Amino acid sequence: MADLFEAAGMTPSAPSPLADRLRPQKLDEVVGQDHLLGPEGPIRRMAEARRLSSMILWGPPGTGKTTIARLLAKEAGYEFQQLSAVFSGVADLKKAFEQAKVRRSAGQSTLLFVDEIHRFNRAQQDGFLPFVEEGVVTLVGATTENPSFELNGALLSRCQVYVLKRLDEAALEALLAKAEAFEGRPLPLEPDARQALVALADGDGRYLLTLAETLFNIGSPRPLTIKELGQILQKRSPAYDKDREEHYNLVSALHKSIRGSDPDAALYWLARMLQGGEDPLFIARRLIRAAAEDIGEADPMSLVLANAAKDTYDFLGSPEGEIALAQLVVHLAAAPKSNAVYVAYKAAMKAAKETGSLTPPSHILNAPTKLMKELGYGKGYAYDHDAPQGFSGQNYFPDGMERRQFYQPRGEGTEARIKERLDRWAALRRERGGGD
């Protein structure tokens with residue numbers, strides 16, 4: 001009786017995907033990860049020494065994590081055992097550990113490869129600890145998510161974390177050349193269409209080979225143009241998960257491009273986020289923060305404009321409202337910068353925590369009752385509007401606390417005029433005995 005796989009045509013004679021048929025057979029054939037697999041790379045050194053440490057391979061899809069783990073076991077002489085955190089549970093882990101114990105008693109080491117390891121919950125991750133510590137298994141976990149956020153600290157402390165890079169154009173071209181050699185024919189693409197194909201892969205080698213296989217299967221009698229390529233292949237969305245690390249990476253890039261006064265880079269990251277499906281109001285909130293934190297009093301209208309852009313998007317929606325966000329991004333990036341207010345606020349918060357419950361000086365306390373007047377509330381208060389130059393120079397800090405200067409204007413944009421006023425008032429304060 002035929003099983004489900006046979007019924008589906010997945011018999012041993014059925015062809016495997018091109019990406020699987022071109023899977024490297026040794027570490028030297030892996031492309032794009034020379035920092036780990038080159039002559040001085042840490043993984044290369046472990047393989048040559050035939051002594052492996054537990055590790056986490058962190059990188060985007062299609063960069064070779066599974067292949068590296070498999071070849072590492074092969075070249076170091078370890079038994080390769082694979083689990084997927086998506087399909088495995090506690091029973092599967094126990095079985096894997098028991099099998100590894102049996103091998104160990106026979107003198108055989110086990111490399112346990114766990115794909116998507118971040119999908120195991122905290123308790124399941126803790127289950128690895130005694131077996132990794134005792135050397136029952138050498139754990140190689142693969143993840144596309146930031147291990148700092150997704151893996152237990154105890155597990156991370158027992159593993160090296162190696163970052164795999166997104167495949168660059170040279171690495172992707174090497175994969176295409178390998179595919180063409182395997183097929184014995186060139187891809188039916190014009191040069192600019194070939195470049196478009198590489199760009200479409202977005203650093204994912206497996207996806208590139210899947211696209212190439214589609215083109216080989218079509219078997220066009222002549223090279224395809226970019227337009228024809230686009231009609232055959234559907235463009236996938238950029239790698240962007242609003243709940244994961246890429247979300248924070250891109251918004252950080254946007255904020256820092258604004259802080260670095262680069263409107264072009266800031267617009268690019270804005271476009272990347274919007275194309276990835278980010279909520280424009282989340283972006284607007286970050287831009288409002290940038291206006292307050294990084295521009296401040298150098299251009300106080302930036303905060304007003306940031307709120308106006310948010311309201312504009314609220315009113316118009318997408319896509320028209322996104323133009324207001326783009327205008328705001330350019331304004332913030334091109335504006336003079338000062339974080340003096342931000343720094344001053346943090347310093348004032350620290351001082352408030354350190355000084356506790358000091359009361360205001362009595363001369364600036366209100367005295368609405370007779371008793372309060374008798375106690376000296378408000379006595380000696382100088383009304384600034386009646387003072388020469390509209391400035392009394394009195395002390396407004398608590399009794400027993402020396403005067404502190406939290407706000408130190410940088411002298412950029414509007415803040416230059418603020419600095420002039422504050423310097424003039426500081427001189428008057430010294431003259432009139434209000435402290436400095």
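The values are calculated or read from the model by the stated rules, or taken from the named source; none is laboratory data. All of these numbers come straight from a predicted model, not from anything done at the bench. We place every Cβ from the backbone using ideal geometry, glycine too, and count neighbours over all the protein chains shown. Remember, those area values only see protein heavy atoms, side chains included, never the ligands or the DNA or RNA. Shrake-Rupley method; radii C 1.70, N 1.55, O 1.52, S 1.80 Å.
Amide H contacts of Glu79: Ser109, Thr110, Leu111, each under 5 Å away and 5 or more positions distant or on a separate chain (H built 1.01 Å from N in the peptide plane; Pro and chain starts excluded).
Residue-wise HN-Hα couplings along the range 336-352, as the Karplus relation 6.51 cos²θ - 1.76 cosθ + 1.60 with θ = phi - 60° gives them from phi, are x, 10, 7, 9, 4, 5, 4, 5, 4, 4, 5, 5, 5, 4, 5, 5, 4 Hz; Gly and Pro carry x. Quick check: the angle from helix 245-259's long axis to the longest principal axis of the chain, C-alpha only, nearest 10 degrees? Tilt relative to the chain: about 40 degrees.
Ignoring ligands, DNA and RNA, please state the percent of accessible area on the chain from carbon and sulfur, probe 1.4 Å. Carbon and sulfur: 53 percent of the exposed surface of the chain. Couplings for the range 114-124, taken from phi via the Karplus curve 6.51 cos²θ - 1.76 cosθ + 1.60 with θ = phi - 60°, read 10, 7, 6, 4, 5, 7, 6, 6, 4, 5, 5 Hz in order; Gly and Pro are left as x. Applied to the range 215-224, the Karplus parametrisation 6.51 cos²θ - 1.76 cosθ + 1.60 on θ = phi - 60° returns per-residue 3J(HN,Hα) values of 5, 4, 5, 5, x, 5, x, 9, x, 8 Hz, with x for Gly and Pro.
With springs connecting C-alpha atoms under 10 Å apart, model the chain as a Gaussian network and identify which of Gln124, Gln25, Gln231 has the largest mean-square fluctuation. In this elastic network of the chain, the residue with the biggest mean-square fluctuation among Gln124, Gln25, Gln231 is Gln231. Would you mind pulling out the separation of the Cα centroids of the range 380-394 and the range 70-132, in Å? Centre-to-centre (Cα) distance: 76 Å. Charge tally around Lys256: other residues with Cβ under 15 Å, Lys/Arg +1 each, Asp/Glu -1 each, net +1.
Across the protein chains, with a 1.4 Å probe defining accessible surface, the residues Thr110, Thr414, Thr359, Thr369 rank Thr359, Thr369, Thr414, Thr110 from largest area downward.
Comparing Thr66, Thr144, Thr214 in a Gaussian network model of the chain where C-alpha atoms under 10 Å apart are linked, the largest mean-square fluctuation is found at Thr214. Taking only Cα atoms, what is the 0 to 90° angle, nearest 10, from helix 169-183's long axis to the longest principal axis of the chain? So the inclination is approximately 20 degrees. Under a 5 Å amide H cut-off, with hydrogens placed 1.01 Å from N, Leu224 pairs with Leu189, Glu190 among residues at least 5 apart or on other chains.
All other residues whose Cβ lies under 9 angstrom from that of Leu37 are scored, Lys and Arg at +1 and Asp and Glu at -1, for a net of -1.
Listed options for Cα Rg over 2.2 N^0.38 Å are (1) 1.44; (2) 1.08; (3) 0.96. The value calculated from this structure is the one marked (1).
So what's the projected area for the range 188-332, the Cα convex hull averaged over all directions, in nm²? Computing the convex hull of the Cα atoms and averaging its projections yields 10.1 nm².
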